[in-house]
Amino acid sequence: DTEIDKNSLIQFGYHLSSDDGIAAKQQAVLGDSVNHAAKYNLQITAQSLDYQYNIESTDITIAFDPLLFGDINASDIKIGGELPIANAVQIDNQAGTIRLAASSLSDLGAGQGISASTPLASISLDFDESQIALLEKNNDGSLKINPLAFQISANQQETVFSKTFNDADTGLLNREILTLADLGGGVAVDGQDVTL
């Protein structure tokens, strides 16, 4: 689903894929054909919607349905190369949330700010087929909780943008640093939902 506000300054995207890397539009999670050992990856991307500003850091929360997946561990989460400094990862498997803070230290040689759509994180997921078998189903066998979707929100105070400029007074290259809240912007989410 796409949620876009005209004031959005950052866009997150997501899709679920199997080992082949192809985004899934539907996925069998019950029945004889299900591979119970299969793992899936939730790929999350980020991009600045204002071409003047790069994303330097972000603090996001990903919400998921905890009835569908086995426990997620910190080792299941990989941060992309643009914001490689993982300040914190907080997982609540009961509530179905993953919070992660990531940033670049581009001036110190680690990562770089994000402008165009860039991989932000990859989360390894394992469907809990024994739990899914207990969930309510429609007459056609599909799960009532369809489609599988994820929600992504950003902490407006901890999502930081920068813009490089030439300082007219000194003639030096400088950088303006502002939070998402300072810029008064919102968040857009563009995700590929999956029919189960």
The one condition in (1) of a type outside the set (S, T, N, Q); (2) at pLDDT 95 or above; (3) over 16 Å from LEU120 (Cα atoms) that ILE44 fails to fulfil
(3)
In the stretch 93-125, residue most open to solvent (accessible area, probe 1.4 Å) [restricted to those that are more than 16 Å from the chain's Cα centre (by Cα) and modelled with pLDDT of 95 or more]:
GLN94
Can you tell me which of GLN151, GLN156, GLN131 is within 25 Å of the chain's Cα centre (by Cα), closer than 21 Å to GLN90 by Cβ and touching a residue at least 40 places away in the same chain (Cβ under 8 Å)?
GLN151
Condition first: touching a strand residue (DSSP E or B) at 6+ places or on another chain (Cβ under 6 Å), surrounded by fewer than 19 Cβ atoms within 10 Å (Cβ to Cβ), modelled with pLDDT of 90 or more and outside any strand (DSSP E or B). Now tell me which residues in the stretch 136-155 satisfy that.
ASN155
Restricting to the stretch 44-92, and then to whatever is open to solvent by less than 40 Å² (accessible area, probe 1.4 Å) and aromatic (Phe, Trp, Tyr), can you tell me which residue is farthest from GLY185 (Cα to Cα)?
PHE69
Please go through the stretch 58-114 and pick out each residue that is among the small types (Gly, Ala, Ser), closer than 18 Å to PHE12 by Cα and in a loop (DSSP other than H, G, I, E, B).
GLY80, GLY81, SER104, GLY113
Note on the stretch 172-185: residues in contact (Cβ under 8 Å) with a residue 24 or more places away in the chain and open to solvent by 20 Å² or more (accessible area, probe 1.4 Å) are ILE177, LEU178, ALA181, LEU183, GLY184
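The values are calculated or read from the model by the stated rules, or taken from the named source; none is laboratory data. This is a predicted model, so every value here is computed, not measured. Virtual Cβ from ideal backbone geometry, glycine too; neighbours counted across all protein chains shown. Please note that ligands, DNA and RNA were not included when accessible areas were found on the heavy atoms of the full protein model with its side chains. Shrake-Rupley method; radii C 1.70, N 1.55, O 1.52, S 1.80 Å.
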